[in-house]
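Here's the structure, in structure tokens; my notes come after.
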Amino acid sequence: MKFFVRKIIFLICFLSVFSVQAFCSDDHTPEPINTDEIPQGLKDFRRFEIISLGAMPFVMMDVSLGFSTYKTIIGETGYTPTPFLSLSFKPSSEGLSSSEKWAEFVESDCFKVIISSVIISGTIGLSDYIINLVKRNSIRRRNTLSAEKNIIINSIADDPTAIKLQLPKNTADKDEQSIITNGEDE
């Protein structure tokens, strides 16, 4: 009884301390998240998770339809192609009548359908990640190339602080001129 009373007193004190803190604050609005706060790797992982788990029910329905169609084609009796078969676990199909076998997969079939669905859903998420990674890199490459192409050349005449330098007289130019003048004298 004493333990129960202590527990109640502790719970009341604990709740009163944290409830007072909630009412003391004037501003209850959360700060918006900046785009730089979350690393790109976490954003990519979250997108992979959403795509993979979102595709899972549809993939499982398609895999179960394909699996039951495959079983019908190879000649196993009792399988009718339908995507809505129950995935309950039964030990084997030996003791089942054909109507029970039609209604549900056996345990080994359930594992095959679930594992296949997980692999295909993961592949869909991974392919989406790769496509987005290639797109992001091509946009980044295009932006760096366009930044390199935008070189602005300003004329020295437009800059008032520029100093105009005299070009040095080249000795090769003097030799050419002397050759020309020597040729004319002859």
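With every protein chain kept in the model, how would you rank Cys110, Cys13 by accessible area, 1.4 Å probe, largest at the top?
On the way: Cys110 0, Cys13 70 Å².
The most accessible residue leads, giving Cys13, Cys110.
Quick one: which of 39-46, 62-69, 113-120 comes out on top by average Cβ neighbours within 10 Å, and what's the full order, highest first? Write out the running numbers ahead of the final one.
Numbers: 39-46: 11.1, 62-69: 18.8, 113-120: 16.6.
Highest-to-lowest ranking by the protection proxy: 62-69, 113-120, 39-46.
Work out from phi, with θ = phi - 60° and the Karplus expression 6.51 cos²θ - 1.76 cosθ + 1.60, the ³J(HN,Hα) of each residue of segment 32-49, listed in order in whole Hz, and give x for Gly and Pro.
x, 7, 6, 6, 8, 5, 9, x, 4, x, 5, 5, 5, 5, 5, 5, 4, 5
The values are calculated or read from the model by the stated rules, or taken from the named source; none is laboratory data. From a predicted model like this one, the values you see are computed outputs, not experimental measurements. Because the Cβ atoms are built from the backbone with ideal geometry, glycine has one as well, and the counts that use them run over all protein chains shown. Remember, those area values only see protein heavy atoms, side chains included, never the ligands or the DNA or RNA. Shrake-Rupley method; radii C 1.70, N 1.55, O 1.52, S 1.80 Å.
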